[in-house]
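The values are calculated or read from the model by the stated rules, or taken from the named source; none is laboratory data. As the structure is a prediction and not an experimental result, all values here were calculated from the model. Note that we place each Cβ from the backbone using ideal geometry, even for glycine, and neighbour counts take in every protein chain shown. Heads up: the accessible areas ignore ligands, DNA and RNA and are worked out on the full protein's heavy atoms, side chains in. Shrake-Rupley method; radii C 1.70, N 1.55, O 1.52, S 1.80 Å.
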Amino acid sequence: MDFRQLEYFGAVVEAGSVSQAAKNLHMTQPPLSHAIAKLERELGVSLLERTAKGVHPTQAGLHLLSRGERLVADRNRVVETLKLMGGGAIGDLHIGVEPMVINEIIADVLAEFLDQAPKARVTLADVTPDLIVQGVLSGDLDMGCVPFGSTQFARFVTEGCDWCPIIDINVKLAVPRYRAKESRPDGKGWGRWILPSRLSAFWGMPDAAEKALSGDDSFEVIEVSTPQTAVAFVAAGLGVALVTERIAGSSDSVALLDPPEWLRSMQATLLWKRGGEITPLMDRWLQATRTVAEHRRALGR
């Protein structure tokens, strides 16, 4: 028994005759009669009572009709769902994001993505870059976005992931407002720096700062897990930090200066597992990311 046989049987019952059902189905009567007879033989039961006035379903026919309609409806729903999934319109997507890239681009990417696929379910895991890589490699995350370029990746990241550069992230030096007039282009003499924790998966700010400021006797570090925490510490006068304008906001207690000459701009990069499936939903997220990035570049942001 297949779905076409069920559809034919339902059409015959609805029409009340094989000939009328054949017309409704835009086919000739013999193949329709053959299909119904074949179905009855396969099931070993009579499904139609044939009279001079037409056909009527037997008790077995009524049972098949009720169950068959549900089967056909379920089949149609499954087919439609699979088509939507194939087009990247529905489904579940798990993305790992670092707080800095949420502020810089991911919020806009999510808006673009949901505008295209409003029925998709997106889960954003706001975690550190190390945990993002672990999630991507384990399959717990479909994709991840980190504030590092590929030249900053540890070897196990380049071997286990594919990636797509998104945008450059300009960084500012956040200092307590009362120190705003100080000029230290080499970054030395600021004293305490509030920096993100060192990561095993990426070479980043802590490494660059330690290398550039190794001869600065005033240099010391407070490690934090998020850049938002760093801004609060700067506002409290605990030191200076490298942040973005979006994260720093408009705090009256913090001034934003040009970063030290040794610090390059950061880069937001999208990661996914090498050799893993690129689902249509993942591809849609990638395209939404590129669309937002191109728009930003066009605006010079």
As straight-line cross-link partners of residue 181, the qualifying lysines (C-alpha separation under 23 Å, not fewer than 8 residues apart within one chain) are 172
Candidates for mean projected area of the Cα convex hull in nm² are (1) 13.8; (2) 16.2; (3) 22.9, and the calculated one carries label (3)
In degrees, nearest 10, the alpha-carbon axis of helix 59-86 is tilted away from the dominant principal axis of the alpha carbons of the chain by 30 degrees
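If you count the DSSP beta bridges with both ends in the chain, what percent of them are antiparallel, to the nearest 5? It would help to have the intermediate numbers written out before the result.
On the way: 23 of 39 bridges.
Counting only bridges with both partners in the chain, antiparallel ones make up about 60 percent.
Over 22 Å between C-alpha atoms is what I'm after, so list which of 211/273; 83/273; 119/273; 188/211 land there. If you can, show how the numbers build up before the last one.
Working: 211/273 31 Å; 83/273 25 Å; 119/273 25 Å; 188/211 12 Å.
Result: 211/273; 83/273; 119/273 exceed 22 Å.
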With every protein chain in place, the accessible area of residue 38 for a 1.4 Å probe, in Å² rounded to the nearest 10, comes to 90 Å²
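Hey, what did the chain get for relative contact order, percent, Cα under 8 Å, at least 6 apart? Intermediate values should be presented prior to the final figure.
Numbers: 476 pairs, mean separation 63.7, N = 301.
The value is 21 percent.
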Given the candidates 21, 133, 178, the one whose Cα lies deepest towards the positive end of the charge dipole of the chain, counting +1 at each Lys or Arg C-beta and -1 at each Asp or Glu C-beta, is 21
Treating only Lys and Arg (+1) and Asp and Glu (-1) as charged, each at its beta carbon, one finds that segment 1-134 has a dipole about its Cα centre, in Debye to the nearest 20, of 1260 debye
Check: C-alpha center segment 201-239 vs C-alpha center segment 1-48, spacing in Å is 77 Å
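What accessible area per residue, rounded to a whole number of Å², is obtained for the chain using a probe radius of 1.4 Å?
Details: 15980 Å² over 301 residues.
For the chain, the solvent-accessible area averages 53 Å² per residue.
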Magnitude of the Cβ-charge dipole (Lys and Arg +1, Asp and Glu -1) of segment 141-196 about the Cα centre, nearest 20 debye, reported as 680 debye
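So, counting K/R as plus one and D/E as minus one, what does the shell of residues with Cβ under 13 Å around residue 273 add up to? Write down the numbers at each step before the final one.
On the way: positive: 274; negative: 140, 142, 159, 162, 277.
Net of charged neighbours comes to -4.
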Between residue 145 and residues 5 or more places away or on another chain, the pairs with built amide H atoms under 5 Å apart involve 96, 97, 98, 271
Expressed to one decimal in nm², the mean projection of the alpha carbon convex hull of segment 206-301 is 9.1 nm²
Comparing 33, 265, 200 in a Gaussian network model of the chain (Cα, 10 Å), the one with the largest mean-square fluctuation is 33
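Which net charge results for the neighbourhood of residue 139, defined as the other residues with beta-carbon distances under 15 angstrom from its beta-carbon, given Lys and Arg at +1 and Asp and Glu at -1? List each step's numbers first, then the result.
On the way: positive: 273, 274; negative: 92, 140, 142, 162, 277.
With Lys, Arg at +1 and Asp, Glu at -1, the net is -3.
Counting only protein heavy atoms and a 1.4 Å probe, tell me what percentage of the chain's accessible area is made up of carbon and sulfur. Present the calculation step by step, with values, prior to reporting the outcome.
Details: 8150 of 15980 Å².
Carbon-and-sulfur percentage of accessible area, whole number: 51.
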Measuring from the longest principal axis of the C-alpha atoms of the chain, the long axis of helix 29-43 (C-alpha) lies at a number of degrees, nearest 10, equal to 80 degrees
If one compares the long axis through the Cα atoms of helix 3-15 with the longest principal axis of the Cα atoms of the chain, the angle in degrees, nearest 10, works out at 50 degrees
Magnitude of the Cβ-charge dipole (Lys and Arg +1, Asp and Glu -1) of the chain about the Cα centre, nearest 20 debye, reported as 920 debye
Listed residues 52, 180, 11; largest mean-square fluctuation, Gaussian network over the chain with Cα springs below 10 Å, found at 52
Phi angles of segment 207-222, converted by Karplus (6.51 cos²θ - 1.76 cosθ + 1.60, θ = phi - 60°) into ³J(HN,Hα) in whole Hz with x for Gly and Pro, give 5, 5, 5, 4, 5, 6, 10, 4, x, 8, 5, 7, 6, 8, 10, 10
Taking only Cα atoms of segment 56-207, the Rg to Rh ratio with Kirkwood Rh works out at 1.27
For the chain, the charge dipole (Cβ of Lys, Arg +1; Cβ of Asp, Glu -1; about the Cα centre) points to a positive end, and the Cα of 60, 228, 218 closest to that extreme belongs to 60
In a Gaussian network model of the chain with springs linking alpha carbons closer than 10 Å, the residue among 284, 246, 121 that fluctuates most is 246
Taking every other residue with Cβ under 15 Å from the Cβ of residue 10 and scoring Lys and Arg +1, Asp and Glu -1, one gets -2
